[in-house]
Amino acid sequence: MNTNLHHLLGAYVLGGLDPADAAAFEAHLQDCGACRKELAVMEKVPMLLDALPVPDAVALTSVPGGSGEAGAGLPARLFDELSRRRRMVRRRWAALAGAVAAACLAVGLAVGPLLVRPPQPDATYSVASGGGLQVNIDMARKTWGTELAVSGSSLPADGTLSLWVRDRAGGEDRACAWTATPSGKVKVTGATPIQLGSISSVELRDGAQHPVAVITVP
């Protein structure tokens with residue numbers, strides 16, 4: 001049994017004492033306030049050791065000079081060194097987390113515009129007149145037919161306007177209708193069950209169903 005009981009503190013905290021030495025040291029604690037105070041501090045050591053690689057943890061418990069016996073300043077030195085290494089680990093993880101966050105942000109900035117970019121139309125047509133009237137239509141294929149995004153300017157400023165789609169067999173379908181705006185501008189979306197490949201023309205009509213603009217689809 002090791003009779004230098006104070007110096008059993010480090011091994012006691014790390015669970016390295018045999019039952020006889022452990023019992024002797026616990027009896028010593030009853031009468032030694034200094035050991036009890038140091039033990040309260042050293043109770044954190046196992047947790048700190050868990051944060052280190054095994055070779056580092058073992059190296060910290062070795063005594064300089066290789067004497068194989070615990071030195072007088074081991075507990076305090078051990079705790080200070082473990083605390084220092086724990087802080088280093090935390091700083092490394094913080095730096096790594098920051099680098100990963102920055103990389104994710106950079107990827108997000110590069111990919112973000114692609115993710116929010118609206119789908120491109122399958123076909124785009126436009127018509128203009130000498131009076132300033134202009135109509136643009138983007139057509140997108142859908143499983144149920146065709147979606148039409150309409151924008152225009154210098155259109156009739158009153159009444160109800162409508163967009164009609166004619167197919168190659170001579171049939172027609174009203175894709176959308178809207179109340180004319182005083183500014184003569186419009187931006188609406190319409191839909192027709194006629195497939196894009198079957199559309200022969202698109203007509204913009206006024207409230208009296210007179211053609212205002214006609215777009216021929218080749």
Paramagnetic reach from residue 169 in region 131-158 [backbone N under 16 Å; point 7 Å along Cα→Cβ]: 145-146
Accessible-area composition of region 123-218, carbon plus sulfur, in percent [1.4 Å probe]: 50 percent
Peptides ranked, highest mean first, by Cβ atoms within 10 Å: ranges 150-157, 17-24: 150-157, 17-24
Residue-normalised accessible area of region 148-210, given per residue in Å² at a 1.4 Å probe: 48 Å²
Stretch gain in nm, segment residue 176-residue 23, where the contour uses 0.36 nm per residue and the Cα spacing is subtracted: 46.0 nm
Cα-projected label distance for residue 41 with residue 191, points at 7 Å along beta-carbon direction, nm: 7.5 nm
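The values are calculated or read from the model by the stated rules, or taken from the named source; none is laboratory data. Here the structure is a predicted model, which means the values were calculated and not measured. Every residue, glycine among them, receives a Cβ derived from its backbone with ideal geometry; neighbour counts consider all protein chains shown. Accessible surface areas use protein heavy atoms only, side chains included; no ligands, DNA or RNA. Shrake-Rupley method; radii C 1.70, N 1.55, O 1.52, S 1.80 Å.
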